[in-house]
Every structure is written in C-alpha cells, then in structure tokens.
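The values are calculated or read from the model by the stated rules, or taken from the named source; none is laboratory data. Bear in mind that the values here come from a model prediction, so they are computed numbers and not experimental data. Counting neighbours? That spans all protein chains shown, and the Cβs are built from the backbone with ideal geometry, glycine included.
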Amino acid sequence: MHYLTVPGYTGSGPDHWQTHLENTYAGFSRVVQDDWATVDRDRWVARLDETVRGIDGEVFLIGHSCGSVTVAQWAATCWDSRVVGALLVAPADVEAADTLPVIRPQAPLPTGRLPLKTHLVVSDNDPFLQLERGLGLAETWGSSVEIIPGGGHLATRDGYGPWSHGAALIEHHSGHVLESTDSAQGRAPLV
C-alpha cells in the first residue's frame, strides 16, 4: 500500500500533520503542485492523476482542505481503481459566498457519489466549511463522516501537528497497519 498526501492551498508546512505522517511512516509521499499559492482546479487534478499513475500497486489518498477537494474532483473525473480509498480532512467549501477569493477557482465541487470509499473528517467550528455543508458533502459523496468538536480547520494553527488519530483513521480506512520508518529520524520535512 502506498499512501499519498494531497495538501491544499499554500501546501503543508513542516509542522503540519501531513508532513508528520510522511516523516514518521513508511510508504508515504506527497503530491507536489507547481504553485501552492495559486489554486488551479485543472492543474491540481492533473498533477494528482499524474502522481497516482506513477505509483505501482494500491494507493490510499490523504487530503486536507483544498487537497481534499482535489481528491474528490479527481475521483469524480479520473479515478483509477488502484486507489482503494481516501481520508478527506476539512475539505474547503470553495463554493461558499464568503470563501477566500484565492481558492474560489477550485469550484465546482463534485455533485455525485464518489467511486471509492471516502471518510470525511470535519469540525463544528471550521472557518472554511460550515458543519451542515460538510455533512451534506459526506451524504452527496457517499462518505462516512466524523465530527471533531472544536477542531477548527484541523490545521497546524489549530494544534494539528503530530496527529495520532489521523494515523489511526488511515489504518482503519486503508485496512493496513502503518509501519514506522527508521529513516524518519533526522530527515528533513517534505515541503
């Protein structure tokens, strides 16, 4: 099993939970966009597709914010059956009237059931996704859903650096036990 993290707008910095996963467990890599500061729906989906197709064997995707949106958009348009599932954490509502103008180009969100197993993690106080909207996306996409009270956007500034619950969710939804990597010690963060 290969685990592929999909960061959102501005990427995931050295203290982000996605970076900690990459530096702690074997079999992880990251989708790297050419420009993390310019959200481009078509380019971001194409880069995810290119990255997935360059991996041999089964893949499990781990998205955050606009990265979760990229995963959903990819699944709705380009899905490869080797991708067995995805963890979608705090997908940004790129269609909301009050969304950041810089992420609006990622609209529209998929409007049908996704062809793979997905698990959405949302919070009840995310400034980029109203709880009701998150629950609606889970229903539309056919996703299981979990609400984290007071989790904010589930980002570094919200206290989500090392996130053992995230690792446990990946194990549960991928059906595989994550293995620590000895080389994680002293390795520079993947940013």
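Of note:
- Residues in segment 38-63 that are small (Gly, Ala, Ser) and either in contact with a Lys or Arg (Cβ under 8 Å, 6 or more places away or on another chain) or part of a helix (DSSP H, G or I) (or both): Ala46, Gly57.
- Tally, over segment 144-178, of residues that are among the hydroxyl-bearing types (Ser, Thr, Tyr), touching a Leu at 6+ places or on another chain (Cβ under 9 Å) and without any contact (Cβ under 8 Å) to a residue 60 or more places away in the chain: 1
- Qualifying residue in segment 54-61 (condition: farther than 23 Å from Thr156 by Cβ and in contact with a Leu (Cβ under 8 Å, 6 or more places away or on another chain)): yes
- Restricting segment 64-103 to residues that are in contact with an Asp or Glu (Cβ under 8 Å, 6 or more places away or on another chain) and part of a helix (DSSP H, G or I), the residue that is surrounded by the most Cβ atoms within 10 Å (Cβ to Cβ): Trp74
- Scanning segment 1-27 for residues that are within 18 Å of Pro162 (Cβ to Cβ), aliphatic (A, V, I, L, M) and in a loop (DSSP other than H, G, I, E, B) yields a total of 1.
- Residues being closer than 18 Å to Ile62 by Cβ, over 15 Å from the mean Cα position of the chain (by Cα) and of a type in the set (Val, Ile, Thr) - total across segment 96-154: 1
- Of all residues in segment 112-142 being polar (S, T, N, Q) and either in a loop (DSSP other than H, G, I, E, B) or in contact with a helix residue (DSSP H, G or I) (Cβ under 9 Å, 6 or more places away or on another chain) (or both), the one that is surrounded by the most Cβ atoms within 10 Å (Cβ to Cβ): Thr118
- Complete set of residues in segment 143-190 that are among the aliphatic types (A, V, I, L, M), modelled with pLDDT under 95 and either farther than 23 Å from Gly11 by Cβ or not in a loop (DSSP other than H, G, I, E, B) (or both): Ala184
- Residues located in segment 76-125, provided they are among the small types (Gly, Ala, Ser) and more than 21 Å from Ala46 (Cα to Cα): Ala90, Ala96, Ala97, Ser123
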